[in-house]
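Novice: One structure follows; several queries about it will come next.
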Amino acid sequence: MTAAPTSTAPLGIALIGGGFMADVHSRAARAAGARVIGLTSSTPERSRQAAERIGAETAYENVDALLADDRVDVVHVVTPNDTHHALTVRVLDAGKHVVTEKPLATTVGEAIDLQARAKGAGTVATVPFVYRFHPMVREARARVASGQVGPLFSVQGAYLQDWLLGSADDNWRVSTEAGGASRAFADIGSHLCDLLEFVTADRLVRLQAVTRTVHPERASTGRVATEDLAGVLAETASGAVVSLLVSQVAPGRKNGLVLEVHGASESLRFEQERPEELWIGRRTASERHLRNTDELHPDAARLSVLPPGHPLGYQDAFTAFAADTYAAVRGATPEGLPVFADGVRATRITDAVLASARTGEWIAL
Ligand code: SOE
């Protein structure tokens with residue numbers, strides 16, 4: 001069991017990985033009060049460049065050097081998906097707390113293995129399903145929990161991007177070797193399903209899916225086996241009917257995550273590109289509910305760290321996630337912290353989507 005730090009000195013964090021997400025994680029870590037000690041990337045040269053870019057104190061030669069540094073309490077693993085399992089095992093073996101990017105692993109078995117190892121190590125082990133940390137998501141969740149929305153009839157969700165629209169667009173995520181068997185669904189469908197289950201406190205129990213690879217060849221990957229888009233029909237434990245669309249080839253959509261739930265009394269709609277709003281649909285009078293600290297449920301108010309009219313966004317959600325991870329390292333139990341069990345859940349849903357797309361069958365979860 002890794003002991004919680006007793007001093008109130010800032011926690012030391014380090015990153016494995018030097019891409020875009022290293023920037024996002026390091027900004028969040030600093031804003032959450034941690035000290036960004038160092039970083040290591042795929043080569044010593046890249047480690048130096050990335051450490052300089054994010055302003056980390058140390059560029060480690062390799063992962064061993066990072067793990068040997070006693071100043072590091074928490075390691076953020078922000079590397080390509082195929083490396084998550086092996087690197088996270090090493091972090092846990094070194095007795096450090098860990099944040100591993102989603103997907104937690106590229107197979108359900110490896111994700112379960114990490115969950116078991118984290119439990120054995122007694123460390124805090126979290127996965128950045130950060131959209132949970134928008135105050136208006138917490139507001140939606142509280143409204144469902146309080147019964148204001150009523151029994152759920154249906155849920156409609158989408159997560160649409162266009163950064164892989166053309167066959168010339170490419171990225172390591174496209175390759176099965178680096179990204180895993182699923183791409184669009186593992187990368188962003190996982191966020192959507194996590195948010196759906198988080199907001200509704202309902203579980204997907206069975207699903208049917210269709211996937212498409214619209215570009216069978218891409219510039220540097222060559223032959224592509226991972227999906228560009230997925231359509232999912234599902235049912236929840238409470239009997240709600242769910243329809244989801246996930247695509248990385250939807251022109252004009254940048255990071256368009258939308259979740260709309262329909263209950264017997266109210267509908268709720270959250271759009272991650274307009275995170276300061278929650279649409280509350282009623283048969284008589286619908287409203288655009290803006291973040292307003294006086295009116296929010298307590299869990300939403302807790303995350304509402306700027307006064308109304310001073311917009312919070314993606315990076316703030318990341319900061320709140322980091323702050324709650326570090327609070328857990330210090331022994332707290334923050335509400336709604338996404339842990340490795342949630343990472344395992346996402347890999348199971350992704351697996352079911354691929355299995356259904358392959359067989360045409362409904363898959364039970
Ligand atoms: C790219 O699709 C990406 O950066 C995802 O990997 C993130 O999880 C998502 O939050 C934004 O889009």
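Novice: Quick one: Kirkwood hydrodynamic radius for the range 79-129, alpha-carbon pairs, angstrom, one decimal?
Specialist: Result for the range 79-129 stands at 10.6 Å.
Novice: Still on this structure, I have one more. Does the range 275-362 classify as rounded, prolate or oblate by the C-alpha gyration tensor (a ≥ b ≥ c root eigenvalues; a/c under 1.5 gives rounded; else a/b over b/c gives prolate, otherwise oblate)?
Specialist: It comes out oblate by the Cα gyration axes.
Novice: Next question, about the same structure. To the nearest whole percent, what portion of all C-alpha pairs in the range 18-80 is separated by more than 18 angstrom?
Specialist: Tail of P(r) above 18 Å: 24 percent of Cα pairs.
Novice: Let me ask something else about it. With both partners inside the chain, how many of the DSSP beta bridges are antiparallel, as a percent to the nearest 5?
Specialist: 60
Novice: I would also like to ask the following. For all pairs of alpha-carbon atoms in the chain, what percent lies in each bin of width 10 Å, listed from the first bin to the last filled one?
Specialist: With a bin width of 10 Å, the distribution comes to 5, 24, 33, 26, 10, 1, 0.
Novice: Related question: Rounded to whole Å and sorted largest first, list the principal axis extents of the Cα atoms in the range 112-201.
Specialist: Principal-axis extents of the Cα atoms in the range 112-201, largest first: 47, 41, 22 Å.
Novice: Related question: Would you work out if the range 12-126 is rounded, prolate or oblate? Take a ≥ b ≥ c from the square roots of the eigenvalues of the alpha-carbon gyration tensor; rounded if a/c is under 1.5, else prolate when a/b is larger than b/c, oblate otherwise.
Specialist: Prolate, because a/c is 1.5 or more and a/b exceeds b/c.
Novice: How high is the relative contact order of the range 226-268, in percent, with contacts defined as C-alpha pairs under 8 Å that are six or more residues apart?
Specialist: Here the relative contact order equals 28 percent.
Novice: Moving to a separate point now. Mind checking which of Val241, Ala209, Ser146 is farthest towards the positive end of the chain's charge dipole, using Cβ charges of +1 (Lys, Arg) and -1 (Asp, Glu) about the Cα centre?
Specialist: Ser146
Novice: Oh, and also: Rounded, prolate or oblate: pick one for the range 226-315, where a ≥ b ≥ c are the square roots of the eigenvalues of its C-alpha gyration tensor, a/c under 1.5 means rounded, and failing that, prolate if a/b is larger than b/c, else oblate.
Specialist: It is oblate, given that a/c is not under 1.5 and a/b is not larger than b/c.
Novice: For Lys96, which aspartates and glutamates qualify as cross-link partners when the Cα separation must be under 14 Å and same-chain residues fewer than eight apart are set aside?
Specialist: Lys96 reaches Asp64, Asp69, Asp70, Asp73.
Novice: Using helices alone, what [θ] at 222 nm do you get for the chain, with -39,500 (n - 2.57) per DSSP H run of 4 or more residues, divided over all residues and rounded to the nearest 500?
Specialist: So the calculated ellipticity at 222 nm is -10000 deg cm²/dmol.
Novice: Ok, one more. Using +1 on the beta carbon of Lys and Arg, -1 on that of Asp and Glu, and nothing else charged, what's the dipole of the range 12-126 about the Cα centre, debye to 20?
Specialist: 320
Readers should treat all values here as calculations from the given coordinates under stated rules, not as data from a laboratory. In this text the structure is predicted, and so the values were computed from the model without any measurement. For neighbour counting, all protein chains shown are included, and Cβ atoms are generated from backbone atoms with ideal geometry for every residue, glycine included.
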